[in-house]
Amino acid sequence: MDGCPCGSGQSFAACCEPVVKRIKPAGTAEELMRARYSAYATGAVDFILHSTHPDRHEECDRKAVQQWSDSSQWHGLQIVSTSRGGEQDVDGEVEFKVDFTENRMRNSLHETATFKRVDGTWFYYDGEVHAPKPYVRSEGKVNRNDPCPCGSGKKHKKCCF
């Protein structure tokens, strides 16, 4: 694998791999977020479960995490914003967007994740998923009996309907 799945521009070996393989701990909440995304992309389910806060382990379904990781094609991670989560903080938030394909359908996930640090180690604690914004039509709807917008002079129902 050349580039890191997290999109940092570095190699996986220089970026997320040492965190995912637990050679070194994540220094910030964002670094843990990037490593967790890379773990999903590379199938490192043990790391995903290990980096979940101990209070949340009961909510983790290993089989579901494994299935989502394996059945999805991961297209990219975008960090939207971070709040706290630095090397001196005990908690932090990372808002991110993930694009992936699952069951041949392109999907996206927009979430604000909460992280907590326990004894110097960052853990994913919880996340709030942002619902997609509904499509809002900018122009009025063309009714069947309106003139066709293509300019033919015919009613819409007899032309491009």
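The values are calculated or read from the model by the stated rules, or taken from the named source; none is laboratory data. Values in this document were obtained by computation on a predicted structure and should not be read as measured data. Positions of Cβ are generated from backbone atoms using ideal geometry, with glycine treated the same way; all protein chains shown enter the neighbour counts. Calculation scope for accessible area: heavy atoms of the full protein, side chains included, ligands and nucleic acids excluded. Shrake-Rupley method; radii C 1.70, N 1.55, O 1.52, S 1.80 Å.
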- Item | Top positive-direction residue, dipole computed over the chain with Cβ charges, set Val136, Phe123, Ser38 | Val136
- Message: If the elastic network links every pair of Cα atoms under 10 Å, which of Cys150, Cys16, Cys60 fluctuates the most in the Gaussian network model of the chain?
- Response: Cys150
- Amide H contacts under 5 Å for Trp122, placed H, 5+ residues apart: Ala26
- Note on the structure: Length gained if Val80 through Asp46 is fully extended, taking 0.36 nm per residue and subtracting the Cα-Cα distance, is 9.6 nm
- Simple label model, 7 Å out from Cα along Cβ direction - Ser71 to Glu58, nm: 2.7
- Once a ≥ b ≥ c are taken as the square roots of the eigenvalues of the Cα gyration tensor of segment 1-90, is the result rounded (a/c under 1.5), prolate (a/b larger than b/c) or oblate (a/b not larger than b/c)? oblate
- Query: Counting only protein heavy atoms, what percent of the accessible surface of segment 89-141 is carbon or sulfur at a 1.4 Å probe?
  - Reply: 46
- Item | Accessible solvent surface per residue of the chain, calculated while the other protein chains remain in place, 1.4 angstrom probe, Å² | 64
- Query: Mind checking which lysines have their C-alpha under 20 Å from Lys158, skipping anything on the same chain fewer than 8 residues away?
  - Reply: Lys141
- Message: Test of understanding: given the chain, find the longest segment containing no GluC sites (Glu not before Pro) that are in a DSSP loop and have at most 15 other Cβ atoms within 10 Å.
- Response: 1-86
